[in-house]
Amino acid sequence: MSQPTKPLSGRSALVTGASAGIGAAIAKSLHAAGARMVLCARPSEHLDALAAELRGSEVLEVDVRDAPALIAALADRPLDIAVANAGLGLGLEPLQRGDPDDWSTMIDTNVKGLLHTVRAVAAGMEQRKRGDIVLMGSVAGRQVYPGGNVYCATKWAVRGIYEALRIDLAGSGVRVTTVDPGMVKTGFSMVRFKGDAERAAKVYAGVDALTPGDVAEAVLFAVTRPQHVNIGEIVMWASAQASASLVTRRRE
C-alpha cells in the first residue's frame, strides 16, 4: 500500500535563523510535511545538529546581515517557500539610555536582514509565478511596550515591508504572509538580556507562553492552503497575554 503524499512533497523551503527556537521548529514542521529544507543561519553546533536530524537538508552558514553573501548563496535556487525568521531583541532600556550598538544590530538583523532575504528569493518566485514568502513579525509590530522602543520599531518595519511586498508582487502568483506571535518561550530573552538567565526566566514565570511549535503550526497552515488562498496575517497570543504589555501570571 502506497504512502499518502505529504502536503509539501516536491517543494523546497528556506528558513533563516534556523538553528534554534522558532526557526528550528518551523524547519522541522516543513520537513515533516515533505519539504526539502535549506537551513540558513550563522555557523553553530545547533545548526549542524538540526541538519543531521532533518535528513536531506542543505545548510547555508550565512549571516543575513551580509547581503552579498546571502544573495550569492541563494542565487539560482528554485525555492518554493522562504521563511524570513532571523531576528533578535537586545536590551530593554528607555530610548534615552539605550545602546546604539544594540540598535544597529537589531536594525541590521530584523529589518535589513529580512530585506536581504526577500531580495534574494522574490525575483525568482516572481519569474516562476509561484511561491510563498513568510515574514516573522511580532505583536511588537502592532503595539509598543515599555523598553521595547527600537525592537518594536523593527517589527513595525516588518509589517510595513509585508504590506508593501503584497503590492509589489500583486498578480505574480507569489503569496506573502506575516506571522506575528506574542510571548514565545525561546532563548529570545537570554539574548535580549545578554546571558542573564535569572532575568530571562522572570519573563516567562507563571505564564503558559506560546511554544515554537505553536508558531510553526501557523506557518505550515499558511503555506499549505490552496493556491487561490493567501493567509495574509496571523496574530498569535498566549491566552494569558492580553496585550504586548499586559500578562496575567499565576502565583507560584
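No value in this document is a laboratory result; all are computed from the given coordinates. None of these values were measured; they are calculated from a predicted model. Note that we place each Cβ from the backbone using ideal geometry, even for glycine, and neighbour counts take in every protein chain shown.
Along the charge dipole of the stretch 99-252, pointing to its positive end and built from +1/-1 on Cβ of Lys, Arg, Asp and Glu, which listed residue (V174, L115, C152) has its Cα farthest out?
V174
How many nm separate the modelled label positions at D108 and K6, each set 7 Å beyond the Cα in the direction of the Cβ?
Modelled inter-label distance: 3.6 nm.
What number, in percent, do you get for the relative contact order of the chain if the mean sequence gap of Cα pairs under 8 Å and at least 6 apart is divided by its residue count? Each step should come with its number before you reach the end.
On the way: 482 pairs, mean separation 47.1, N = 252.
After rounding, I find 19 percent.
Which of the pairs K28/K185; K155/K202; K112/K155 have their Cα atoms more than 19 Å apart in this structure? Don't skip to the end; give the middle numbers.
Working: K28/K185 17 Å; K155/K202 23 Å; K112/K155 12 Å.
Where the Cα-Cα span goes over 19 Å, the pairs concerned are K155/K202.
E58 to A33: FRET efficiency via 1/(1 + (r/R0)^6), r the Cβ-Cβ distance, R0 25 Å, to the nearest 0.05? Present the calculation step by step, with values, prior to reporting the outcome.
Values: r = 17 Å, r/R0 = 0.68.
After rounding, the FRET efficiency stands at 0.90.
About the Cα centre of the chain, how large is the charge dipole given +1 on each Lys and Arg Cβ and -1 on each Asp and Glu Cβ? Please answer in debye to the nearest 20.
600 debye
So in the chain, what percent of DSSP beta bridges are antiparallel if you round to the nearest 5?
Bridges in the chain that DSSP calls antiparallel: roughly 5 percent.
Long-range amide H contacts for E58: which residues qualify at under 5 Å (H placed 1.01 Å from N, peptide plane, sequence gap of 5 or more or a different chain)?
Amide H to amide H, under 5 Å and 5 or more residues apart or across chains, E58 pairs with M37, V38, L39.
Can you put D76, D102 in order, fewest other beta carbons within 10 Å first? All intermediate terms of the calculation are to be shown ahead of the outcome.
Values: D76 6, D102 18.
Starting with the residue having the fewest Cβ neighbours, the order is D76, D102.
Could you give the dipole magnitude of the stretch 19-60 about its Cα centre, charging the beta-carbon of Lys and Arg +1 and that of Asp and Glu -1, in debye to the nearest 20?
Details: 4 positive and 4 negative charges, 28 e Å.
So the dipole magnitude of the stretch 19-60 works out to roughly 140 debye.
How far apart, in nm, are two points set 7 Å out from the Cα along the Cα-to-Cβ line at S44 and at D214?
With each label point 7 Å from Cα toward Cβ, the separation is 2.1 nm.
Rounded to the nearest 20 Debye, what is the dipole magnitude of the stretch 1-95 about its Cα centre when Lys and Arg each give +1 and Asp and Glu each give -1 at the C-beta?
Values: 8 positive and 10 negative charges, 86 e Å.
Computed charge dipole of the stretch 1-95: roughly 420 debye.
Just want the ordering: H116, H228, H31, H46, from fewest to most Cβ atoms lying within 10 Å of their own Cβ.
Values: H116 26, H228 6, H31 22, H46 16.
Going from least to most buried by this count: H228, H46, H31, H116.
Add +1 for every Lys or Arg and -1 for every Asp or Glu among the other residues with Cβ under 11 Å from the Cβ of S104, and state the total.
Numbers: positive: R65, K112; negative: D99, D101, D102, D108.
Local net charge: -2.
Kirkwood Rh over Cα pairs of the chain into Stokes-Einstein at 20 °C, 1.002 mPa s: D in µm²/s?
Details: Rh = 18.5 Å.
D, rounded to a whole number, is 116 µm²/s.
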